[in-house]
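One structure is given below, encoded as structure tokens.
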Amino acid sequence: MLRIIIAIAVMTLATQLTRFFPFLLFSRRKPPQWLLTGSRLIPGAVMMVLVVSSIPHNLNFTLPGTWIPLSGVAAVSILHLLFKHPLISIFGGTGIYMTLLHFFG
Amino acid sequence: MSRKKAFTAALKASAPVFFGYISIGFAYGFLLVKSGFQWYWAPIMSLTIFAGAAQFMAISLINQNKGFIEIGLAIFLLNARHMVYGFSVLERYAPFKKFKKYLIFGLTDETYALITTVEPPEDADPEFFDFCITALNQSYWTVGGLIGSLLGTAIAWNAPGLDFALTALFVVLLIEQIKTLKRPGPFILGFAAPVLLYAFGFTEEALFLGIVISSVGCFLLKKPKAEAANA
């Protein structure tokens with residue numbers, strides 16, 4: 001219980017630090033270019049890390065353990081490029097993944 | 001009554017976020033309960049952390065008993081994209097007073113998208129309009145999570161594979177980043193770092209160290225030509 005409360009407090013603080021950071025430091029002076037460029041590029045790198053490391057989460061190098069998550073990622077990507085609507089991509093892709101898992105997992 | 005007008009306009013403008021937040025919030029609440037948490041943690045986290053991807057990550061970070069420093073740094077870098085939003089609304093929020101802190105607190109991906117694309121009605125106070133948008137969005141997200149967590153408690157079905165929704169959310173955000181940045185550097189870093197860490201046996205640390213290493217790497221990347229010219 002206490003662990004959960006402290007963890008939530010830490011995550012709230014970490015999240016709010018990202019949102020308040022520009023306002024706390026740069027309400028009067030202009031932010032330097034290297035900081036703007038860096039903070040623009042970091043989200044791309046982080047998202048890639050998150051995708052790569054959230055796949056092997058249940059990828060155990062057995063055949064179904066590999067092709068099912070990879071098919072799920074492919075399904076989400078194709079749906080997103082086709083319909084450009086996050087909800088269709090997220091729920092369509094998750095639905096396809098859950099169906100594959102049910103029949104082949 | 002320009003306040004009423006501002007609220008009605010905000011209600012209309014936030015309709016797409018309503019559907020998004022209610023359904024993704026629902027999946028979040030459901031998953032949270034199925035991962036062993038009590039239902040009330042869903043609304044508590046939605047009112048305090050108020051960051052979609054971070055709240056999904058919170059479920060596994062807490063369940064895996066990660067240290068608080070690791071949790072904090074991982075969530076900070078996961079949400080680093082919100083800094084970009086902050087930089088781009090610095091001027092818009094500068095004259096605001098009463099609701100400014102709450103507006104910054106609630107600057108999620110979707111709130112940012114709405115605030116930067118929808119104009120407040122002509123005779124309405126822009127600060128109050130932005131406040132309505134932000135507060136409505138947070139209420140949709142909280143209610144979605146609450147419904148999901150209560151239904152998850154009531155239903156015995158475990159929805160095997162529903163946790164893939166988080167991977168799906170990351171894939172969508174990744175595709176959007178690829179479209180925005182239009183350069184390969186950050187994505188190569190983000191791919192190589194965790195893969196190499198896995199290859200060398202750092203399975204437990206791959207996510208956390210991967211995020212840190214690739215983020216630091218981003219500061220070392222060369223500036224693209226267009227930006228170098230503007231600087």
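The values are calculated or read from the model by the stated rules, or taken from the named source; none is laboratory data. Bear in mind that the values here come from a model prediction, so they are computed numbers and not experimental data. In this analysis, Cβ positions are derived from the backbone assuming ideal geometry, glycine residues included, and neighbour counts consider all displayed protein chains. Protein only, heavy atoms only, side chains kept; ligands, DNA and RNA dropped before computing areas. Shrake-Rupley method; radii C 1.70, N 1.55, O 1.52, S 1.80 Å.
For the reader, a short list of remarks on this structure follows.
- Shape parameters for the stretch B:183-230, alpha-carbon atoms, Rg then Dmax in Å: 12.9, 43
- Chain B: most fluctuating residue of B:PRO126, B:PRO184, B:PRO194 per GNM, C-alpha cutoff 10 Å: B:PRO184
- Rounded to the nearest angstrom and listed largest first, the equivalent-ellipsoid semi-axes of the stretch A:58-105 from its Cα gyration tensor are 21, 10, 7.
- Of all accessible heavy-atom area on the stretch A:58-105, the percent that carbon and sulfur account for (1.4 Å): 78 percent
- A Gaussian network model of chain B, with springs between Cα atoms under 10 Å, assigns the largest mean-square fluctuation among B:PHE37, B:PHE99, B:PHE87 to B:PHE87.
- Helical runs (DSSP H, four residues minimum) scored at -39500 (n - 2.57) apiece and divided by the length of the protein assembly as shown put the mean residue ellipticity at 222 nm at -25500 deg cm²/dmol.
- Listed values for the stretch B:19-30 are Karplus-derived 3J(HN,Hα) couplings in whole Hz (6.51 cos²θ - 1.76 cosθ + 1.60, θ = phi - 60°), namely 5, x, 6, 5, 6, 6, x, 4, 4, 4, x, 4, and x replaces Gly and Pro.
- Spin-label model distance (nm) - A:PHE26 vs B:GLU204, 7 Å beyond Cα toward Cβ: 3.8 nm
- Dimensions in Å of the protein assembly as shown - Rg and Dmax from alpha carbons: 19.9, 64
- Surface composition of the stretch B:3-88: carbon plus sulfur atoms contribute 70% of the solvent-accessible area (1.4 Å probe, protein chains only, all chains present).
- Average beta-carbon neighbours from other chains, 10 Å sphere, peptide A:19-28: 6
- Summed over both chains, the contact between A and B buries some 6700 Å² of accessible surface at a probe radius of 1.4 Å.
- Taking a ≥ b ≥ c as the square roots of the eigenvalues of the alpha-carbon gyration tensor, chain B is classed oblate because a/c is 1.5 or more while a/b is no larger than b/c.
- Between the stretch A:1-58 and the stretch B:189-220, the C-alpha centres lie 16 angstrom from each other.
- Axis of helix A:2-25 versus longest Cα principal axis of chain A: the two differ by about 50°, to the nearest ten degrees.
- Rounded to the nearest Hz, the phi-derived 3J(HN,Hα) couplings of the stretch B:160-177 under the Karplus curve 6.51 cos²θ - 1.76 cosθ + 1.60 (θ = phi - 60°) are x, x, 5, 5, 5, 3, 5, 4, 4, 4, 5, 4, 4, 4, 5, 4, 4, 5, where x marks glycine and proline.
- Vicinal HN-Hα couplings computed from phi for the stretch A:82-93 (Karplus, 6.51 cos²θ - 1.76 cosθ + 1.60; Hz; Gly/Pro x): 6, 9, 6, 10, x, 5, 4, 5, 5, 7, x, x
- Largest accessible area first, the residues B:HIS82, A:HIS85, A:HIS102 order themselves as A:HIS102, A:HIS85, B:HIS82 under a 1.4 Å probe with ligands, DNA and RNA left out.
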